[in-house]
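Presented below is the structure to which this report refers.
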Amino acid sequence: MNEKLEKTNGQFNMAGFLSFINKWGTVIAIFLLVLFFTLAMPSFSSPSNLLTILRSISIVTVIAIGLTISLTVNGLDLSIGSTATFTDSLVVSMFVWYSMSTVTSIVAAVAIALIVGAVNAFLIVKVKIPDLLATLSTMFIFEGVAMTYTGGGSISEGMPRLDGTPTEGVLPPTFDFIGKAPYIIIIMLLVVAVVHIFLNHTKHGRYLYVVGGNIEAARLSGIAVDRYRTFAYILSAFFAALGGIMLASRIGSAQINAGAGYLMPAVAAAFIGLSFGGKGKPNAIGTFVGAVLVGVLENGLVMMSVPYYSLNIVKGAVLALALASTYYYKKN
Amino acid sequence: MGQQKRTKLEMKNISIEFPGVKALSNVDFEVESGRIHALVGANGAGKSTLMKVLSGAYDHYTGSIFINDKEVNIRTPRDAKELGIDIVYQEVDVALIPYLDVAENIMLDILVNKMKGKQFVNWREVHASARRVLDRLGIKLDTRKLAQDLTLAEKQMVLIARAIAEERRFLILDEPTAPLSNKETKELFRIVRDLAYNQDVGVIFISHRLPELFEICEDITVMKDGQLVTRRKMEGLDGKQIVELMLGKKMDEEYLKHNVEIGETIFEVKNLSEKDDAVKDINIHVRSGEIIGIAGLVGAGKTELCKTIFGALPIKSGKIKLHNNLLNIKNPHIAVQQGLALVPEERRKEGVLVEEPVYSNLSAASLSNFTGSLSFLKPHKERVAAVKMIGDLGIKTPNENQKVAFLSGGNQQKVAVGKWLMADAEIYIFDEPTKGVDVGAKSDIFDLIGHLAGLGKGSIYASSELSEILAITDRIYVMYDGEIVKELLTSETNEEEILYYSTGGN
């Protein structure tokens, strides 16, 4: 009897330990990574480097927040990278080709990006294509649209238009601020905070989670399911567009497929964030913490002279690990 | 047959725990081949868990299992199958592969496990073998038909055929009659008897429908709260005694209908047809304080009627009026805004959010009552209302933050009903609300519906349980093949008359 009791106790503690790791594993991992990199290179935890890390994850985080919203309705938006690229091209072209003002350029670029979200929503909600496949198609479509728009090349100040006419437009100094610290970091933190409040403290946020949790139950509870799913994909595109604008300001030009590289780390951040604090569902703060983990890892490895072309191995492995913890936990 | 050596299966001291729950404690169980054994218990009594242990679905139980006094080790479904034990689960769709045909589905285990070195499939032989199995059961079914095109009853037959495609000594049927009509149930019983008496299979029969047990079972095991209550012959027991054993207390036999003043007609459905004619030309009306019953066999269109009224299935033609206002119900969202509520049949799939806590389930249909400016939630108000509802309905849960997945079936159903009480609708539609719910929770749910009638609400109660319809309603519409064929006053009718009309008599 005693032995049996002890055994139960042991199992209980084990279960408690595992659930603790599952809840706070991301934070522990960040802490251990920072410790490790600092021991290896003391300059790692200098304020300037920590600021660099935050700056480097700003764009990923904002794009990942959009993805998080699509995850709340149990969808996955793969087209966010292309949307970011497209917005980058649009906003830079408006400055360089058409010499438009900052506000007009940004509003126009965001408006066009929202159309991308509407197309996604139409294919998924109305035509009923599974989300992954629908956004896989639009990922290619809008990557192609962006490239066609820029004539298959990049756009930067002083470069002629596609028809060869010279340009005089420049990126205005106010626009440059968006991509600089501390503004870019402030934008990121604002986005995280606003979306966190929206998801957790408003009716609409709750509805998004209900739709993602059980779409049929949500429908029969009288929730306008299609409307909320559409809304989620449009918000996803909106944040991808915001990421694209930050990217444009950061690099000061429109490059081919500039946004494509953000898809993978954004997916990783959002999935790492699922388990944060034991939430077990997509959440803004978790996504931010996930992005920090990816950022710390990338920065540390670069400082340790791991070549850039090998980084994908590590980033991919982190994504696999995050997915493993999500799905393995679900199975149990 | 009596002379033949029977196989005896014993489970001794079986215990199993899940995180936070002791699902079985020291249960003994015994069956013999060639007999039909009833396994009953209220929801959460542990009968399904015990059978999952026996069929190898869990590997972390303690205790031992013996066949003919020889200890055997069952830790995986394959172990169980090799010992000749198989189970047919309640959810038939989970076990079938929709785009494979009947023969492939029947022979699946053999195709998967018994191919050995063979790489090519001899389809003619597969179909012939499947045919032989179906013949053994006396089932006429085209082996080339796809599983997705079968009726529920046919799907179940296919699963039973799969289970006995190989030599079986014990077959577990988990609530096999729940989705079946009376005729289909009779057919199932014929097969079960044939298996037991002519093929020496031991059948373990889990069911909530007591009359059936008397019809078909010889032995009975009653479980309660993860423990064995009794194991004995059916002979000498009556339904009331079994219910008492299941509940561990005496209960009033009959549900007493609330006495409610019935008022004016508040809800009217005229010439309503669903887009694909799942229901046709429906005319019903509900008065304030009135509970109307929708009776009919499974497949008569009761669920479709409920869903069409609620906008969950597309409407082809017809009118729906509430308080003399014409409603244009295009989807459930609009239906809810207009004051309709539906407690759907498929509780876990459609009624509740199993991964969410009780409180957010309860507020899901009425969240606007708990929001302030800019749609911000008022979490305190929401929780207070949830706690009150938990108390009002007697939902058994440690607190309002418990995940609904951890509640028993009856309590989940109370949550599904409570959601609509919070939403304060005018017309409540209940689709098989007592399905898979134990006797205690059932009378709670009846009380709730009676209470709603007392408030002057109208209720539509769809069920294939005639005794329930007779107990709770004021007026009954009988459905047959998607149409309403008869309107009856509950006080002037009986089970026989309803059954007569629901089987197409007129």
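The values are calculated or read from the model by the stated rules, or taken from the named source; none is laboratory data. Only a predicted model underlies this, so the values are computations on that prediction, with no experimental measurement involved. Cβ coordinates were reconstructed from backbone atoms using ideal geometry, including for glycine residues, and neighbour counts include every protein chain displayed.
Of the residues that sit in segment B:382-407 and are acidic (D, E) and not in a loop (DSSP other than H, G, I, E, B), which one is nearest to the other protein chains (Cβ to nearest Cβ)? Walk me through it before giving the result.
Taking segment B:382-407 and keeping what is acidic (D, E), we get B:382, B:392, B:400.
Filter again for not in a loop (DSSP other than H, G, I, E, B), leaving B:382, B:392.
Details: B:E382: 9, B:D392: 19 Å.
Filtering segment B:382-407 for residues that are acidic (D, E) and not in a loop (DSSP other than H, G, I, E, B), the one nearest to the other protein chains (Cβ to nearest Cβ) comes out as B:E382.
Between a first residue in segment B:95-106 that is assigned by TED's automatic domain parsing to the domain that holds B:D142 and surrounded by fewer than 18 Cβ atoms within 10 Å (Cβ to Cβ) and a second residue that is among the hydrophobic types (A, V, I, L, M, F, W, C) and assigned to a helix (DSSP H, G or I), which pairs have beta carbons less than 9 Å apart while being 6 or more apart in sequence or on different chains?
These pairs meet every condition: B:I97/B:L108; B:I97/B:A147; B:P98/B:A147; B:Y99/B:A147; B:L100/B:L108; B:L100/B:A147.
Please go through segment B:326-336 and pick out each residue that is at the interface with another protein chain (Cβ under 7 Å from one of its Cβ atoms) and over 13 Å from B:I315 (Cα atoms). Give the steps one after another, and end with the answer.
Initially, segment B:326-336 is screened for residues at the interface with another protein chain (Cβ under 7 Å from one of its Cβ atoms), giving B:332-333, B:335-336.
The answer is B:H333, B:V336.
Out of B:G410, B:G440, B:G454, which single residue is in the same structural domain as B:T397 (by TED's automatic domain parsing), out of contact with any Gly (no Cβ under 6 Å at 6 or more places or on another chain) and more than 22 Å from B:V279 (Cβ to Cβ)? First the steps, then the outcome.
Working: B:G440 fails: in the same structural domain as B:T397 (by TED's automatic domain parsing); B:G454 fails: in the same structural domain as B:T397 (by TED's automatic domain parsing).
One residue alone meets the criteria, B:G410.
Can you tell me which residue in segment B:200-219 is farthest from B:V439 (Cα to Cα), limited to those that are in a helix (DSSP H, G or I) and touching a residue at least 40 places away in the same chain (Cβ under 8 Å)? Spell out the reasoning first.
We begin by selecting, within segment B:200-219, every residue in a helix (DSSP H, G or I); these are B:210-216.
Next, only the ones that are touching a residue at least 40 places away in the same chain (Cβ under 8 Å) stay: B:210, B:213, B:216.
Details: B:L210: 11, B:L213: 16, B:I216: 21 Å.
Of everything passing the filter in segment B:200-219, B:I216 is farthest from B:V439 (Cα to Cα).
Please indicate, with yes or no, whether at least one residue in segment B:369-381 is aromatic (F, W, Y) and facing chain A (nearest Cβ under 7 Å). Can you show your working first?
Pass one, segment B:369-381, residues aromatic (F, W, Y): B:370, B:376.
Subsequent filtering for residues that are facing chain A (nearest Cβ under 7 Å) retains B:376.
Scanning segment B:369-381 turns up at least one residue that is aromatic (F, W, Y) and facing chain A (nearest Cβ under 7 Å).
Contact list please: Cβ distance under 6 Å, first residue in segment A:100-123 and closer than 18 Å to A:S249 by Cβ and in contact (Cβ under 8 Å) with a residue 12 or more places away in the chain, second residue surrounded by 15 or more Cβ atoms within 10 Å (Cβ to Cβ) and among the hydroxyl-bearing types (S, T, Y), pairs at least six apart or on different chains.
A:A109/A:T87; A:A113/A:T83; A:A113/A:T87
What's the number of the condition A:M159 fails, among (1) over 30 Å from B:L377 (Cβ atoms); (2) touching a residue at least 60 places away in the same chain (Cβ under 8 Å); (3) within 25 Å of the chain's Cα centre (by Cα)?
(3)
Answer with yes or no whether B:A45 is of a type in the set (A, V, I, L, M, F, W, C) and at pLDDT below 85. Break it down into steps so the answer makes sense when it comes.
Working: of a type in the set (A, V, I, L, M, F, W, C): yes; at pLDDT below 85: yes.
So B:A45 passes the test.
Working only within segment B:343-355, note down all residues that are surrounded by fewer than 22 Cβ atoms within 10 Å (Cβ to Cβ) and at the interface with another protein chain (Cβ under 10 Å from one of its Cβ atoms). If you could, list the steps in order and put the result at the bottom.
Within segment B:343-355, the subset surrounded by fewer than 22 Cβ atoms within 10 Å (Cβ to Cβ) is B:345-346, B:348-349, B:354-355.
Result: B:E346, B:R348, B:K349, B:V354, B:E355.
Among A:L190, A:L242, A:L171, which is the only one that is more than 14 Å from every other protein chain (Cβ to nearest Cβ), aliphatic (A, V, I, L, M), without any contact (Cβ under 8 Å) to a residue 40 or more places away in the chain and farther than 30 Å from B:A335 by Cβ? So that I can check it myself, show each step before the final result.
Values: A:L242 fails: without any contact (Cβ under 8 Å) to a residue 40 or more places away in the chain; A:L171 fails: without any contact (Cβ under 8 Å) to a residue 40 or more places away in the chain.
Sole residue among the options that is more than 14 Å from every other protein chain (Cβ to nearest Cβ), aliphatic (A, V, I, L, M), without any contact (Cβ under 8 Å) to a residue 40 or more places away in the chain and farther than 30 Å from B:A335 by Cβ: A:L190.
Look at B:I309 and say whether it is in contact (Cβ under 8 Å) with a residue 60 or more places away in the chain, surrounded by 17 or more Cβ atoms within 10 Å (Cβ to Cβ), more than 14 Å from every other protein chain (Cβ to nearest Cβ) and within 26 Å of the chain's Cα centre (by Cα). Quick ask: steps written out before the conclusion?
Numbers: in contact (Cβ under 8 Å) with a residue 60 or more places away in the chain: yes; surrounded by 17 or more Cβ atoms within 10 Å (Cβ to Cβ): yes; more than 14 Å from every other protein chain (Cβ to nearest Cβ): no; within 26 Å of the chain's Cα centre (by Cα): yes.
No, not satisfied.
Restricting to segment B:61-91, name every residue that is at pLDDT below 90 and assigned to a loop (DSSP other than H, G, I, E, B).
Result: B:Y89, B:Q90, B:E91.
So, in segment A:93-127, of the ones that are closer than 27 Å to A:P160 by Cβ and in contact with an Asp or Glu (Cβ under 9 Å, 6 or more places away or on another chain), which residue ends up surrounded by the fewest Cβ atoms within 10 Å (Cβ to Cβ)?
Of segment A:93-127, the ones closer than 27 Å to A:P160 by Cβ are A:93-113.
Pick out the ones that are also in contact with an Asp or Glu (Cβ under 9 Å, 6 or more places away or on another chain) and you get A:95-96, A:99, A:109.
Details: A:F95: 24, A:V96: 23, A:S99: 13, A:A109: 24.
Here the residue is A:S99.
Return only the number of the condition from (1) among the aliphatic types (A, V, I, L, M); (2) out of contact with any helix residue (DSSP H, G or I) (no Cβ under 8 Å at 6 or more places or on another chain); (3) more than 14 Å from chain B (Cβ to nearest Cβ); (4) within 30 Å of B:E355 (Cα to Cα) that A:L162 does not satisfy.
Failing condition for A:L162: (4).
Each row is one residue, and each column tells you yes or no for (1) within 25 Å of A:G213 (Cβ to Cβ); (2) crowded, with 19+ Cβ neighbours inside 10 Å; (3) touching a residue at least 24 places away in the same chain (Cβ under 8 Å); (4) touching a His at 6+ places or on another chain (Cβ under 7 Å).
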residue	(1), (2), (3), (4)
B:R383	yes, yes, yes, no
B:K388	yes, no, no, no
B:N401	yes, no, yes, no
B:K457	no, yes, yes, no
B:I472	no, yes, yes, no
B:I476	no, yes, yes, no
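Identify, by number, the condition in (1) out of contact with any Asp or Glu (no Cβ under 6 Å at 6 or more places or on another chain); (2) surrounded by fewer than 23 Cβ atoms within 10 Å (Cβ to Cβ); (3) within 14 Å of chain B (Cβ to nearest Cβ) that A:G277 doesn't meet.
Unmet for A:G277, out of (1) out of contact with any Asp or Glu (no Cβ under 6 Å at 6 or more places or on another chain); (2) surrounded by fewer than 23 Cβ atoms within 10 Å (Cβ to Cβ); (3) within 14 Å of chain B (Cβ to nearest Cβ): (3).
Looking only at segment A:206-219, which residues are out of contact with any strand residue (DSSP E or B) (no Cβ under 8 Å at 6 or more places or on another chain) and within 9 Å of another protein chain (Cβ to nearest Cβ)? Don't jump to the end; show me each part of the working.
Residues of segment A:206-219 that are out of contact with any strand residue (DSSP E or B) (no Cβ under 8 Å at 6 or more places or on another chain), as a first pass: A:207-219.
The answer is A:Y207, A:Y209, A:V210, A:G213, A:N214, A:E216, A:A217, A:A218, A:R219.
May I ask you to say which residue of B:I16, B:I85 is among the hydrophobic types (A, V, I, L, M, F, W, C) and within 14 Å of chain A (Cβ to nearest Cβ)?
Numbers: B:I85 fails: within 14 Å of chain A (Cβ to nearest Cβ).
Residue meeting the stated conditions: B:I16.
Evaluate the following for A:S70: is it away from every other protein chain (no Cβ under 14 Å), part of a helix (DSSP H, G or I), modelled with pLDDT of 95 or more and over 27 Å from A:T230 (Cβ atoms)?
Judged against the criteria, A:S70 is not a match.
Return the total of residues in segment B:408-436 being outside any strand (DSSP E or B) and within 18 Å of B:M389 (Cβ to Cβ).
Of the residues in segment B:408-436, the ones outside any strand (DSSP E or B) are B:408-426, B:432-436.
When the remaining residues are screened for being within 18 Å of B:M389 (Cβ to Cβ), the result is B:408, B:410-425, B:433.
Residues that pass the stated criteria total 18.
Hey, could you check segment A:73-91 for residues that are not β-branched (V, I, T) and not in a helix (DSSP H, G or I) and say which is nearest to A:G244 (Cα to Cα)?
So the first thing to find is which residues in segment A:73-91 are not β-branched (V, I, T), and the list is A:74-79, A:81-82, A:84, A:86, A:88-90.
Subset that is not in a helix (DSSP H, G or I): A:74-79.
Working: A:N74: 24, A:G75: 21, A:L76: 19, A:D77: 15, A:L78: 15, A:S79: 12 Å.
Of everything passing the filter in segment A:73-91, A:S79 is nearest to A:G244 (Cα to Cα).
Restricting to segment A:30-62, name every residue that is among the small types (G, A, S), assigned to a helix (DSSP H, G or I) and loosely packed, with under 15 Cβ neighbours inside 10 Å.
Filtering segment A:30-62 for residues among the small types (G, A, S) gives A:40, A:43, A:45-46, A:48, A:56, A:58.
If we keep only those that are assigned to a helix (DSSP H, G or I) too, we end up with A:40, A:43, A:45, A:48, A:56, A:58.
Scanning segment A:30-62 gives A:A40, A:S43, A:S45, A:S48.
I need the full set of residues from segment A:282-306 which are surrounded by fewer than 19 Cβ atoms within 10 Å (Cβ to Cβ) and in contact (Cβ under 8 Å) with a residue 60 or more places away in the chain, in order please.
Across segment A:282-306, the qualifying residues are A:I285, A:M303, A:M304.
Do any residues in segment B:182-199 that are within 14 Å of B:E215 (Cβ to Cβ) have Cβ atoms under 8 Å from those of residues that are at pLDDT 90 or above and assigned to a helix (DSSP H, G or I), where the two are at least six apart or on different chains, and which pairs are they?
B:F189/B:I216; B:V192/B:I216; B:R193/B:I216
Those residues that are of a type outside the set (G, A, S), at the interface with chain B (Cβ under 7 Å from one of its Cβ atoms) and either surrounded by fewer than 20 Cβ atoms within 10 Å (Cβ to Cβ) or touching a residue at least 12 places away in the same chain (Cβ under 8 Å) (or both), I need them from segment A:220-236; list them, please. Let's see the steps before the verdict.
So in segment A:220-236, the residues of a type outside the set (G, A, S) come out as A:220, A:223, A:225-231, A:233-235.
Next, from what is left, pick out any that are at the interface with chain B (Cβ under 7 Å from one of its Cβ atoms): A:220, A:223.
Selection gives A:I223 alone.
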